[in-house]
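So the structure is just underneath, and the comments pick up after that.
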Amino acid sequence: MIDFAYNLIDFNPKFTKAFQYACGQTIVVESMEAARRLINQGRLVTKTGELFEKSGTITGGQEKSKLHFSQKGDSDLTMVRQTASGLSEQLKDLRQSMSELASSLNEEREKLNAARGEYSQKLSELENRHKQSIEFEREIEEIKPKLRKNAEEIEASDTDVASMDGSLVDTLKHIAKLEDSLNQVIDSGSSSAVEKLIQESEDLRDATEAIEREMQEIQRHLDRCDTEIKVEQNNQAGLIAQLETINGEIKETQALTPEHEAKIQSFKESIDNMEKKVKELSAELEELRAEKEKAHETVTAGEVAKTKIDQDLLHLNEQRQERKLLQFDLLQKLSALKEEIQRLKEENPDYEPPTAATVEQLKNQVERLERRMRALEPVNMKALEEYNQTNERHKELTEHLETLANEKEEIEQRINGYDELKKRTFMEAFDAINKNFQDIFAELSNGHGRLELENPERPFDGGLIIRAQPRDKKMQRIEALSGGEKSLTALSFVFAFQRFAPAPFYAFDEVDMMLDGSNAERLAQMVKRQSQSAQFVVVSLRRPMIENSDHAIGVSLRADGYSRVVGIQEIHIPEEEEEEKEEQAVSA
């Protein structure tokens, strides 16, 4: 294949669209053989002028077709087809083998990736353990100076305690001497010496108490130091145990490292072997593909030659048939002409036959007509078949279009029926709710109210208007009413809906807040009556609503933001009380 004809032509850019239309899908090839390989894939033209249509028709060129028929071409074509079929089977087997090898290769790669992931995880754990061991050693090194300092403080405290013990012994001896002296003085009756000794004994006692307090403080300091030493020793022992555990895990991990490396190496070798097999199979597959291409080219060339021969044979048969028809027509015309000549001779006995010039003029006219006929070639031999196919397709599409038109008409009729049914159902519901609204509004407000549609003819294209006339006031839309009047009107609308399509549960949140006392009382009585067929949960601060409730719960907000229940009014159901009385009577 050389290139598209559009790319090989030099032309004025303003004619770009014309050349794209004429040559945009035409491919220029080297020879007939190259065109045969690409036949039925596009519109092809060779350097010598042969034109291969996409439908398979071949026209133009310099070579004249030489037709000969034999059985050898069919047998060779059958053998080539068998060879191509065998190559296709081999190619299919090789592709299946390649897919199996590819799946095995993917499994090995997954194993390798898993092993690598496990190895990386072990390495990261080993690094973390190593960092922990370094941290523990650093903490141990930091603790050692503290232990030495505590030991020095303990030694100093022991020295102070020993010296204090000696001082205490000397003080006790001195006290014993003073007591002996005091006893002697008391015996001798010298009061001044006694007072002096008492004063000295008091001073010594104070000094002794001070020494004892200091000894107790030192003892507490010693106990605290002992406790700190024990705690540090326990911490050191725990750190050492953790360090030994980590070192053991590090050794185990290091011992498993060669095994993982061996697995990774084996996986790599398996992958290399698989890749070699894939390369070998790929090379063999390429060879088989080349053989298949050659066989396909041979088959294509044979089919093209056979197609061309069949087309030429069909063309000759058609020409033969046409000439037979032409001969028949000519014979008919000749017979008619003879009869006409005979009639003319009878009518004109003096008639003379045409001259040579007239005959020559007629021959020239016949040749001119034949040239015009040849100019009409080539004739597409598949035109009649294509016309029949197009005609059948046209009939199918026409029938399908009629079916769709009928279905469309039926659907439109159904839609219109649904719209009418929807409108009728809506108007029935609207009329019933409007009547309920008028009754309930009159009961709640001693006034009048009604519902209106903006577009009664087409209710779904417009909205809903609520008009209300409370007692002693004029009729107004709901938008012009006061807050309390709006509440009564909205509640009347809700109750009208409930009466038309009851629901099992209703929740009202302070709907009576904007109402005066009488309206609040009427609303409470309305809710009380409606609660016989549905359950109402009402949040209210008004006394009438609370007094008419079956079950009241008081809730207040505490200073810390939490709610608390401050009171509950129990439910009293007369039917249950009667049943309890009957049961008590039966038991009695």
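The values are calculated or read from the model by the stated rules, or taken from the named source; none is laboratory data. If you're wondering where the values come from, they're calculated on a predicted model, not measured in any experiment. A quick note on method: Cβ atoms are made from the backbone with ideal geometry, for glycine too, and the neighbour counts reach across all protein chains shown.
Couple of notes before you dig in:
- Exactly one residue out of 430, 441, 426, 460 is in contact (Cβ under 8 Å) with a residue 40 or more places away in the chain, more than 30 Å from residue 318 (Cβ to Cβ) and of a type outside the set (Gly, Ala, Ser), and it is 441.
- Filter pass, residue 460 being closer than 18 Å to residue 544 by Cβ, in the same structural domain as residue 446 (by TED's automatic domain parsing) and either at pLDDT below 85 or among the aromatic types (Phe, Trp, Tyr) (or both): no
- Scope region 435-446; condition under 16 Å from residue 518 (Cα atoms) and crowded, with 19+ Cβ neighbours inside 10 Å; matching residues: 440, 441, 444, 445
- Looking only at residues of region 290-311 that are in contact (Cβ under 8 Å) with a residue 24 or more places away in the chain and among the acidic types (Asp, Glu), we find that the one that is farthest from residue 58 (Cα to Cα) is 291.
- Restricting attention to region 1-53, the residues that are among the β-branched types (Val, Ile, Thr) and part of a loop (DSSP other than H, G, I, E, B) total 4.
- Qualifying residue in region 151-169 (condition: surrounded by 15 or more Cβ atoms within 10 Å (Cβ to Cβ), more than 30 Å from residue 210 (Cα to Cα) and among the acidic types (Asp, Glu)): no
- Considering only residues in region 366-378 that are of a type in the set (A, V, I, L, M, F, W, C) and over 20 Å from residue 59 (Cβ atoms), the one that is modelled with the highest pLDDT turns out to be 366.
- Filtering 424, 467, 499 for residues that are closer than 24 Å to residue 534 by Cα, out of contact with any Leu (no Cβ under 7 Å at 6 or more places or on another chain) and not aromatic (Phe, Trp, Tyr) leaves a single hit, 499.
- Checklist (1) within 23 Å of residue 92 (Cβ to Cβ); (2) not in a helix (DSSP H, G or I) applied to residue 298, failing item: (2)
- Flag if residue 448 is under 30 Å from residue 525 (Cα atoms) and of a type outside the set (Ser, Thr, Tyr): yes
- Residue that is modelled with the lowest pLDDT [pool: residues in region 54-65 that are within 14 Å of residue 307 (Cβ to Cβ) and assigned to a loop (DSSP other than H, G, I, E, B)]: 65
- Scanning region 447-462 for residues that are surrounded by 15 or more Cβ atoms within 10 Å (Cβ to Cβ) and in a helix (DSSP H, G or I) yields one hit, 459.
- Filter pass, residue 243 being of a type outside the set (Lys, Arg), at pLDDT below 75, over 30 Å from residue 106 (Cβ atoms) and surrounded by 11 or more Cβ atoms within 10 Å (Cβ to Cβ): no
- The set of residues in region 379-434 being in the same structural domain as residue 465 (by TED's automatic domain parsing), modelled with pLDDT under 85 and surrounded by 11 or more Cβ atoms within 10 Å (Cβ to Cβ) consists of 419 alone.
- Qualifying positions in region 301-343 - in contact with a Leu (Cβ under 6 Å, 6 or more places away or on another chain) and closer than 30 Å to residue 93 by Cα: 302
- Pairs where the first residue, in region 344-365, is at pLDDT 75 or above and the second is of a type in the set (A, V, I, L, M, F, W, C) and surrounded by 10 or more Cβ atoms within 10 Å (Cβ to Cβ), C-beta under 8 Å, 6+ apart: none
- Filtered residues of region 261-286 (kept if more than 17 Å from residue 118 (Cβ to Cβ), surrounded by 12 or more Cβ atoms within 10 Å (Cβ to Cβ) and free of Cβ contacts under 8 Å to residues at least 40 places away in the same chain): 273
- Within region 124-150, the set of residues being of a type outside the set (Lys, Arg) and in contact (Cβ under 8 Å) with a residue 12 or more places away in the chain comprises 125, 126, 130, 132, 133, 136, 137, 139, 140, 143, 147, 150.
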